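Down below is the structure, laid out as C-alpha cells.
The values are calculated or read from the model by the stated rules, or taken from the named source; none is laboratory data. Predicted model only: the values in this text are computed from it and were never measured. Reconstructed Cβ throughout: ideal geometry from the backbone, glycine too, with neighbour counts over all protein chains shown. In case anyone asks, the SASA skips ligands and DNA or RNA and just uses the protein heavy atoms, side chains included. Shrake-Rupley method; radii C 1.70, N 1.55, O 1.52, S 1.80 Å.
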Amino acid sequence: MTLTVRVVAPDKTVWDAEAEEVVLPSTTGQLGILTGHAPMLTAVDIGVMRVRASKNQDWQAIALLGGFAEVEEDEVTILVNGAERGDKISLEDARTAFNQAQTRLNQVTPGDRQAQIQATQAFKRARARFQAAGGMV
C-alpha cells in the first residue's frame, strides 16, 4: 500500500503523487508518516518535507513555509503558505539568500522585537530552501 500525498500552496499544487513515506516538519518536531497512520491534523512549521515515492527511489525534498497537514485513510493533504520542490531550487541562489538572511539576523538591534521576528522568519525560509536544494543536511 502507498500514501496519496498532496502539497497545495495558494498558487499551485507542488506535489500530487503516491508515496511510501513522508517526513513533515511539524511545529513539535519531525513527523514520520507511513501507510496505516492514525488520523491526525497538525501544524506544519517552516522547514523541509521529505517524500520517498518507493523503497527503490531517493528522497525528494520540498521546502514548506508553514501551514497544516491532515492524515486520514492513507491520504496526506498538506496546505501551506508556500512550497517549492528542492529539485527546482538553484543551489547557488539558495546559498546566497541563506547567507544574506543569516547576516541580517545577526545584525538586528537587540531589543527591536519586530525586526527580530521578521529576520528570524526570513532566516527560517532561506534555510528551508537551502536545505531542500541540497545545501545542508
Most fluctuating residue given options Gly47, Gly82, Gly29, as computed from a GNM of the chain linking Cα atoms under 10 Å
Gly29
By its C-alpha gyration tensor, with a ≥ b ≥ c as the square roots of the eigenvalues, how is the stretch 1-51 shaped: rounded for a/c under 1.5, else prolate for a/b larger than b/c, else oblate?
oblate
With every protein chain present, what accessible area does Glu72 have (1.4 Å probe, heavy atoms only), rounded to the nearest 10 Å²?
90
Kirkwood-based Rg over Rh for the stretch 3-86 (C-alpha set), two decimals?
0.92
In nanometres, what is the gap between the two model label sites at Gln107 and Arg52, each 7 Å from Cα along Cα-to-Cβ?
4.2
Kindly express, to the nearest 10 degrees and within the range 0 to 90, the angle between helix 113-132's C-alpha long axis and the longest C-alpha principal axis of the chain.
50
Listed residue (Gln116, Gly36, Asn81) projecting farthest to the positive dipole end of the chain, Cβ model:
Gln116
Only loop residues by DSSP count here, and only those with at most 11 other Cβ atoms within 10 Å; note down the trypsin sites (Lys or Arg not before Pro) in the stretch 1-57 that meet that.
Lys55
On a 0 to 90 degree scale, rounded to 10, what angle separates helix 91-106 from the longest Cα axis of the chain?
50
Once all Cα-Cα distances of the stretch 30-137 are split into 5 Å bins that start at 0, what whole-number percent is in each one?
2, 13, 18, 20, 18, 13, 8, 5, 2, 1, 0
Kirkwood Rh, Cα atoms: Rg over Rh of the stretch 89-133:
1.04
When the chain is treated as a GNM, springs tying every alpha-carbon pair under 10 Å, which of Ala38, Ala94, Ala126 comes out with the largest mean-square fluctuation?
Ala38
Of Gln121, Gln107, Gln30, the most mobile residue in a GNM of the chain (C-alpha springs, cutoff 10 Å) is Gln107
Rounded to 5, the percent of DSSP beta bridges in the chain classed as antiparallel:
90
The stretch 82-137 versus the stretch 10-31: alpha-carbon centroid distance in Å
20
